[in-house]
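Trainee: Structure in structure tokens, see below.
The values are calculated or read from the model by the stated rules, or taken from the named source; none is laboratory data. Keep in mind the model is a prediction, meaning the values are calculated, not measured. Backbone-built Cβ (ideal geometry, glycine too); neighbour counts: all protein chains shown. Accessible surface areas use protein heavy atoms only, side chains included; no ligands, DNA or RNA. Shrake-Rupley method; radii C 1.70, N 1.55, O 1.52, S 1.80 Å.
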Amino acid sequence: MGKKQKKVRAEPTQKKSAAFLCDLKNYDILCSTGYTKLSENPEIMAAVNKIADLISNMTIYLMSNTENGDVRIKNELSRKIDISPNDYMTRKTFIAAIVRVLLLEGRGNAFVIPITKNGYIDNLVIPPPGITAMIQDNYGYKVLINGLECNPNEMIHIVLNPDPDFPWQGVGYQTTLSDVAKALKQAAKTKKGFMESKWQPSIIVKVDGLTDEFANKEGRKKLLEQYIESSEAGEPWMIPSEQFSVEQVKPLSLTDIALPESIKLDKRTIAAILDVPPFLVGEGEFNEGAWNNFINTRIRGICTAIEQEFTKKLLISTDWYFRFNVRSLYSYDIEKLSRVGDDNYTRGIMTGNEVRDWIGLSPMEGLDKLVILENYIPAGMIGDQKKLGGNDE
């Protein structure tokens, strides 16, 4: 038999700590450590809150397909969705909560549970994203709410930025935004450290160290009060030339380390990822064209996801559908609205009350008929004009 080899236990190697040639207190001021939540970043929250605020401001229409075009329906169902979808929230709060969960905590997924009573929708509840999960089921999936398995066909599931491998779930923006949020947090920490640092004197005074007054703190303070400090602004200093020498220094600024340019680039990156104009995150000035493009792309895209899921899960009629009033968010001034309304009114495209509704006025009696041409006669009497009948008189 061979001799048994003695087992040698491998001791874990201890990690050596690195030494820093700086003051520990100043190091803590300038260095940002730990996990950075997206909800703690001001720029990200400014963009998310603006998107949620805009979408929650829009009226939700219940529309119906007809032979002469789509018309709006006003009934108890439309009132439930547009006025009081939840017993404890208004429509604005309800939709804003959905959008925030969709963009942040839900990672591209927002669930709404319809609660029915006697066959009618009684309440729409938003479960906290922390208690919801999804598991794959063949080519579909199942939803777990607080550990209880639920059928996804019986709840509203709004998806944003679908996963390429599992398109029934969203992936959100946590991965792409996390590094930018960390960089902005570090920039804010560095800026605060520069503002609070005590190693930024703008003037250095050289004093003969052999003098008795310079030997202690009280003496140095007395010299400053006697020769340097003045009672009036702009008053010159009177100092002994043999003992004092004053030099002006320029401490390192935030511009010297290119911090403003880095912050500007990170803000533009956040705007590009969330598809919002840069001025919404504090970079640049307002631009009407960029705003209208933002409404027509980003806002309309999220609205379409909510509209289609609400239509699919809440409506039985194949002719009905939900629609957000996106047009109300475009950047219009009252002069442009009035001019467009006047043109459509004189061409018989809009009634007078429709034009008044555009500019925020109440309807008036007698303005529900279409008029045309310069005579402002009803559209049905256009053929009764004498100049169209060949009458020379």
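Trainee: Determine which member of the set Leu314, Leu274 is under 25 Å from Val112 (Cβ atoms) and over 14 Å from the mean Cα position of the chain (by Cα).
Mentor: Answer to the selection: Leu314.
Trainee: Residue check, Pro236 against (1) surrounded by 12 or more Cβ atoms within 10 Å (Cβ to Cβ); (2) at pLDDT 65 or above; (3) not small (Gly, Ala, Ser), all met but one. Which one?
Mentor: Looking at each condition in turn, Pro236 falls short on (1).
Trainee: Return a yes/no flag: does segment 116-128 have any residue that is closer than 19 Å to Thr304 by Cα and of a type outside the set (A, V, I, L, M, F, W, C).
Mentor: No, segment 116-128 contains no residue that is closer than 19 Å to Thr304 by Cα and of a type outside the set (A, V, I, L, M, F, W, C).
Trainee: When the residues of segment 18-45 are narrowed to those that are open to solvent by less than 40 Å² (accessible area, probe 1.4 Å) and modelled with pLDDT of 75 or more, which ends up farthest from the chain's Cα centre (by Cα)?
Mentor: Here the answer is Asn41.
Trainee: Let me ask something additional. Among Ile145, Ile55, which is the only one that is open to solvent by less than 40 Å² (accessible area, probe 1.4 Å) and under 24 Å from the mean Cα position of the chain (by Cα)?
Mentor: The unique qualifying residue is Ile55.
Table: residues versus (1) of a type in the set (Gly, Ala, Ser); (2) modelled with pLDDT of 90 or more; (3) within 23 Å of Asn49 (Cβ to Cβ).
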{"site": "Pro278", "(1), (2), (3)": "no, no, yes"}
{"site": "Val281", "(1), (2), (3)": "no, no, yes"}
{"site": "Trp291", "(1), (2), (3)": "no, yes, yes"}
{"site": "Arg300", "(1), (2), (3)": "no, yes, yes"}
{"site": "Thr304", "(1), (2), (3)": "no, yes, yes"}
{"site": "Thr318", "(1), (2), (3)": "no, yes, no"}
{"site": "Phe322", "(1), (2), (3)": "no, yes, no"}
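Trainee: So which residues in segment 148-165 are surrounded by 13 or more Cβ atoms within 10 Å (Cβ to Cβ), out of contact with any helix residue (DSSP H, G or I) (no Cβ under 7 Å at 6 or more places or on another chain) and assigned to a loop (DSSP other than H, G, I, E, B), if there are any at all?
Mentor: If the condition is that a residue be surrounded by 13 or more Cβ atoms within 10 Å (Cβ to Cβ), out of contact with any helix residue (DSSP H, G or I) (no Cβ under 7 Å at 6 or more places or on another chain) and assigned to a loop (DSSP other than H, G, I, E, B), then Met155, Asn161, Asp163 are the ones that fit.
Trainee: The conditions are (1) at pLDDT below 85; (2) assigned to a loop (DSSP other than H, G, I, E, B); (3) surrounded by 18 or more Cβ atoms within 10 Å (Cβ to Cβ), and Ala271 fails exactly one of them. Which is it?
Mentor: (2)
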